[in-house]
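Participant: Can you keep this structure in mind? I'll have questions shortly.
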Amino acid sequence: MSPGHSPAATRPRLLDPDRLDAWLRRMPKTALHVHLEGTLEPELAFTLAERNAIEPGSPAFPYADLAALRAAYRFADLGAFLDVYYAACGVLRTADDFHDLARAYGDRVRAEGIRRAELFFDPQTHTRRGVGLSTVVRGLWSGLADARAHGVDVALIACFLRDAPVGHADDPAAADAGFTDPAQATAWATLRQVLEYNQRAPADESILGVGLDSYETPYPPELFAAVFARARAAGLRCTAHAGEEGPPAYIRAAIDTLGVSRIDHGVRCTEDAALLERLAAVHDTPTVVADFGEPHAIPLTVCPRSNYALKVFPDPARSNLLTLLRAGVQVCVNSDDPAYFGGYALENYRAVVDWLDPSFEELRQLARNGVHASWMPPAAKTTLLAEIDAWFAASP
Ligand code: HPA
Ligand code: ZN
């Protein structure tokens, strides 16, 4: 920011609280870090439990009623959240369930000005319960069809669970009919299932990339180096959660041993000045060029409300989002698990404004970074960047 260019001085007049939400909602934007399972709203979870004859309060769905589920939404840390998130996933069983989940999120996407959504899902969360990968993915794509028909550009990213077994490169590629053997829910078997799915899927319903998520410590990225190398060789784009609760060394390892082009969260990088510089620099490694089509910085998909809910920062105003932005790191704003962390894209942008007081130009930069950080084709990026610039230019 140039001298004398204080956030308050550049704050546009329209940012009074009444008009701010409508303005932020309609702002053209991306969503690059959303777990579809994390969009499961409590009401839908109970609807699906009933449809699947799952007794609320039973081991398959251990919440007796809505109040009990909502009461569980106070998280001491990432692990405490994931315990609830996986428990609630027990209601997702059929392609119709995944359709309904994705359809509800697709409606949000349309209402929130999202032009491009690169969405995570966790195959192993379902395959280890006997739900086949193609059941999950077919349901998700059909649920997303309406949003796509209305012009939202959507991609899917299959995440490996870092706390689940890695397995072996020669794990059997299970038939899709039944994944009842937990050995078929290893990272290696999951990669095979993704590649098999992509071979059979229509081009516009394939899986674009892979990620790495779940309980972060003590599972360093290098455990998955060979799996990511194979994914990369097969043409999948690569990202990984790192530096959410894990140390900066996990961010370095994700770049160096997994060859990711993007980091999910990554906020602990401010503990390592050299790493901060490295993220901001333009990388011309083959892996980065493969994902972005050109030399590129390594962006961070930051999730302000998630960081607050999971106590990554002791208080919201201590979020380092703007510190990162001002250090030249390509940070963008995301919602992570919106049903659990107090909101979707709008609420996360609103949190940034309320907690951190960015300048108008910084807000524009955050929205633009979401385009830079995406894996859209270059021509589509140019179009969306122009749309964002026009939106800001037209704002009073
Ligand atoms: N962090 C790590 N893994 C996850 C998350 C998260 O916030 N949400 C779903 N899986
Ligand atoms: Zn996440």
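Participant: From the list Leu82, Leu119, which residue is modelled with pLDDT of 95 or more, not aromatic (Phe, Trp, Tyr) and not assigned by TED's automatic domain parsing to the domain that holds Tyr344?
Facilitator: Values: Leu119 fails: not assigned by TED's automatic domain parsing to the domain that holds Tyr344.
The match here is Leu82.
Participant: Condition first: touching a helix residue (DSSP H, G or I) at 6+ places or on another chain (Cβ under 9 Å) and open to solvent by 40 Å² or more (accessible area, probe 1.4 Å). Now tell me which residues in region 220-233 satisfy that. Spell out the reasoning first.
Facilitator: So the first thing to find is which residues in region 220-233 are touching a helix residue (DSSP H, G or I) at 6+ places or on another chain (Cβ under 9 Å), and the list is 220-232.
Glu222, Leu223, Ala226, Ala229, Arg230, Arg232 - these are the residues of region 220-233 that are touching a helix residue (DSSP H, G or I) at 6+ places or on another chain (Cβ under 9 Å) and open to solvent by 40 Å² or more (accessible area, probe 1.4 Å).
Participant: Of everything in region 78-136 that's over 20 Å from Glu205 (Cα atoms) and in contact with a Pro (Cβ under 6 Å, 6 or more places away or on another chain), which residue is surrounded by the fewest Cβ atoms within 10 Å (Cβ to Cβ)?
Facilitator: Start the filter on region 78-136 by keeping residues that are over 20 Å from Glu205 (Cα atoms), which leaves 78-93, 108, 111-113, 125, 128-130.
Pick out the ones that are also in contact with a Pro (Cβ under 6 Å, 6 or more places away or on another chain) and you get 87, 113, 128.
Details: Ala87: 17, Gly113: 21, Arg128: 21.
Of everything passing the filter in region 78-136, Ala87 is surrounded by the fewest Cβ atoms within 10 Å (Cβ to Cβ).
Participant: When the residues of region 276-306 are filtered to those that are open to solvent by 10 Å² or more (accessible area, probe 1.4 Å), part of a helix (DSSP H, G or I) and hydrophobic (A, V, I, L, M, F, W, C), which remaining residue is farthest from ligand 2 (Cβ to nearest atom)?
Facilitator: Out of the qualifying residues, it is Val289.
Participant: Here's a follow-up. Quick one: count up the residues across region 267-289 that are within 23 Å of Phe228 (Cα to Cα) and either polar (S, T, N, Q) or at pLDDT below 95 (or both).
Facilitator: 2
Participant: Residue by residue through region 309-355, note down the ones that are assigned to a helix (DSSP H, G or I) and either within 14 Å of ligand 2 (Cβ to nearest atom) or among the polar types (S, T, N, Q) (or both). Quick ask: steps written out before the conclusion?
Facilitator: Going residue by residue through region 309-355, those that are assigned to a helix (DSSP H, G or I) are 309, 316-318, 321-326, 345-355.
Across region 309-355, the qualifying residues are Ala309, Thr323, Asn348.
Participant: Residue pairs, Cβ under 8 Å, 6 or more apart or interchain, first in region 291-312 and under 15 Å from Cys332 (Cα atoms) and more than 14 Å from ligand 1 (Cβ to nearest atom), second open to solvent by less than 10 Å² (accessible area, probe 1.4 Å) and part of a strand (DSSP E or B). List them.
Facilitator: Sorted first by the residue in region 291-312, then by its partner, the pairs are Ile298/Arg262; Ile298/Ile263; Pro299/Arg262; Pro299/Ile263; Pro299/Val331; Pro299/Cys332.
Participant: Where residues in region 313-322 are at pLDDT 95 or above and either touching a Leu at 6+ places or on another chain (Cβ under 7 Å) or open to solvent by 60 Å² or more (accessible area, probe 1.4 Å) (or both), which of them is nearest to ligand 1 (Cβ to nearest atom)?
Facilitator: For region 313-322, the residue satisfying everything is Leu321.
The values are calculated or read from the model by the stated rules, or taken from the named source; none is laboratory data. This is a predicted model, so every value here is computed, not measured. Note: ideal-geometry Cβ built from the backbone for every residue, glycine included; neighbour counts use all protein chains shown. Keep in mind that these areas ignore ligands, DNA and RNA; they rest on the heavy atoms of the full protein, side chains included. Shrake-Rupley method; radii C 1.70, N 1.55, O 1.52, S 1.80 Å.
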